[in-house]
1. Can you work out ³J(HN,Hα) from phi for every residue in segment C:336-345, in order, using Karplus 6.51 cos²θ - 1.76 cosθ + 1.60 and θ = phi - 60°, giving whole Hz and x for Gly and Pro?
2. Rounded to the nearest angstrom and ordered from largest down, what semi-axes does the equivalent ellipsoid of the protein assembly as shown get from its C-alpha gyration tensor (root of 5λ)?
3. Measure nothing but the geometry: give the 0 to 90° angle between the long axis through the Cα atoms of C:122-143 and the longest principal axis through the Cα atoms of chain C, rounded to 10°.
4. Over chain B, how many pairs of lysines fall under 21 Å by alpha carbon, counting only those 8 or more apart in sequence or from different chains?
5. What spacing in nm lies between the two simple spin-label points modelled at residue A:39 and residue A:116, each 7 Å away from Cα in the Cβ direction?
6. Using only Cα atoms, tell me the angle between helix C:163-189 and the longest principal axis of chain C; keep it within 0 to 90° and round to the nearest 10.
7. Mean residue ellipticity at 222 nm from the helices of chain B, using -39,500 (n - 2.57) per DSSP H segment of n ≥ 4 over the full residue count, to the nearest 500 deg cm²/dmol?
8. Return the sequence-ordered ³J(HN,Hα) values of segment C:16-32 in whole Hz as given by the Karplus equation 6.51 cos²θ - 1.76 cosθ + 1.60 applied to θ = phi - 60°, using x for Gly and Pro.
Amino acid sequence: MAQFSQEFTPLPIEAIHDEAVARKAGGWRYVQTLAVNTEAGIDLVYSYMKDGLLENLVAKALPAGSAVPSVTDQFLAAFVFENEIHDLFGITFEGLAIDFGGNFYRVAQKEPMTIISPELKAAREKAAKVAAAKAAKEAAKADRAEKAGEAQAEFLAAHPEAKAAATGGRVFAPSDDEAVEAKLAGMDPEKVARVRAAIAAKAKKAAAAEQDAAKDAELEAKLAAMDPEKAAKVRAAMEAKAKKAAEAAAKEGE
Amino acid sequence: MGSFKLGGMTFGSLFKKPETVLYPVESKPAPAGLKGHIVNDVSLCILCGICQKTCPCHAITVEKKARTWAIDPFRCVQCGSCARACPKACLTMEPTYTPVATAEYVTTLEVPDQKAAAAE
Amino acid sequence: MGKATVIPFGPQHPVLPEPLHLDLVVEDETVIEAVPQIGFVHRGLEKLVETRDYNQFIYVAERICGICAMGHSLGYAETVESLMGVEVPKRAEYLRVIWHELSRVHSHLLWLGLAADAFGFESMFMHCWRLRERVLDIFEKTTGGRVILSVVKVGGVVRDIDDAMMAQVIATLDGIMDDYTKIMNTLLTDTSVKNRTVDVGYISHKDALALSMVGPFARASAVNYDVRSFGRGAYGDLADFRPILDDGGDCFARVKVRCLEVLQSIEIIKELAAKMPAGDIEVAVKGAPADGAQASNVLEQPRGECYYYARGNGTKNLERMRMRTPTSQNLAGMTSALAGCDLADVNMIILTIDPCISCTER
């Protein structure tokens, strides 16, 4: 019992007829011909089968209205598909054995499969925009990551006291760093020192906040592992403490 | 002349029960799961519109502002994909066909606001 | 030597299940050549992929033809599953094949009735369709629809057949065997049937291969090709599958091949029902086909090999869906068989390719 398998292989347009002759001589069975309307042109797919192997030969991007040699002299059964493609896609086949001259289907609009309706156009444009946006986002992310790495290395070399955050080297607003450096180069040296100090303080605060967040996450994990009742009690206690601390801070601020 | 080969079957059918039923005096009982028409239990409907998106024939119209759910039974092909897609299981396929009519119509249902009713 | 007249045949003719027009160039009751013309039911269904996503399109694919409805939904689902790399559970494969083989039984019974009607044997037509009603009742009980089943979806099937229902199905099939044997006996041994079908529309084995014919039309000329012998899906679990061949090459051989295929299908259904595995009937399919992905698939429908092609474009709508049906492949064979036949045999020859023109034109 032969096993079924399928392949897609490209086919140059000039070789369509020679391929048909070769396949017939080799004992291949003709399966079908189909056309696909793409943005680049019209693709023709010829299929042949032998011993369970279905080979689909794809001739890509024929310009609309082009002429292709017919394979009906080798395989008469192809006349149905070639007439259909002529009526629906507008490809002319030279040397058709039974040629209906465009009257096979007698459709109301010429070459209906090549007509792009407004909904289809809108859908394709939307899909293209989504794909372009995604690609741009990926490219920008890669770019930023590279720049961020460079900037962080530079900064750490200049400020050894600013520790990298506990979670492992996250930087803040790296794309502005180059601009900042440019500005600082032209500024007053006192001001420069103040600005750099401010940046360092910001880095420390960010690191502290990160550590706090990490602690909170740990606590949450512990609570989740604990008995639900106890967890509720602990949470209530924590909330009360936070409230008191907030009130105290407000009083101090006044 | 050959023999009358279908003779046995033809003679036997004189005495067997007929294959057809005397419709409309009697009718065949509809089997469970017959694809007849779609009904919506509005007490469960949340007007999410998933049925409208799934329908291959654009037979269902969901208006969130007006709180209506409408189906055109003559556009419907009884495929059942809306009933399967509904997250609240409020759509079911009843085993009776849409009756013959002289004019096409659209069945519109008002979906009551469950949250507002509960709050009252 | 008379002069040639052109007699138009169709598109509406009592013997045709679907509209087909032929211009018969006739000389003294002998047809010299026939020029086919189709296009009366071209609905442009392949263009609907642009507005229906791949889950909704299966309902369009089903409605390409009423006789081959199950076949088209199955072929489409298999092609999209191959495009997206989805594997269907075993039980779903078995159920699909059981419904497809039941579809083959109903289609061949329909055809046997039409073939009998083609040469005037109307009571045989009625008996064949009476038995076909029992098969349609099975469809109604198991799927909810008589002709358009809507039971296959991309990723599996929608309904299950439990053991009690399956036993009923087998009992119904056994119930028609008695009458079916009588019908088969009449069709294959009656002298009037033989007078109208033997040596009518002869196509030799060589010509059958040259004209790329498929299906029972080709198998009656001893072309050994049946997609089911590749053993994909549940067909691979059959103990022994051999395509039914006959070397008569004439209309009688084609009637015989289809009669025997009904018996073969009933045996397949019984075997698969006994071996049915337990498990899920569907698997969830998420996402969309990749941009530029292509897949092709072949399926043995009642009329022959049907070829499907799908191409994705990254969105939920397929870029292109193509169904090449067996009748479009067999039109060349029909045209060549009509050359040189008697005018009275035109009905029979056209019918022996089992023309499903709505499938051809979509």
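Each reported figure results from applying straightforward, stated rules to the coordinates on display, with no laboratory input. Computed from a predicted model, the values in this text were never measured in an experiment. Please note: Cβ atoms are built from the backbone with ideal geometry, for glycine as well, and neighbour counts cover all protein chains shown.
1. Once rounded to whole Hz, the list reads 6, 6, 6, 5, x, 9, 7, 4, 6, 8.
2. On the way: eigenvalues 798, 253, 112 Å².
For the protein assembly as shown, the ellipsoid semi-axes come out as 63, 36, 24 Å.
3. Result, in degrees: 10.
4. Eligible lysine pairs with Cα atoms under 21 Å apart amount to 13.
5. Label-label distance for residue A:39 and residue A:116, simple model: 0.7 nm.
6. In chain C, helix C:163-189 runs at an angle near 10 degrees to the longest axis.
7. That calculation yields -4000 deg cm²/dmol at 222 nm.
8. Using θ = phi - 60°, the values come out as 8, x, 9, x, 8, 10, 10, 9, 9, 8, 10, 10, 6, 6, 10, 7, 8 Hz.
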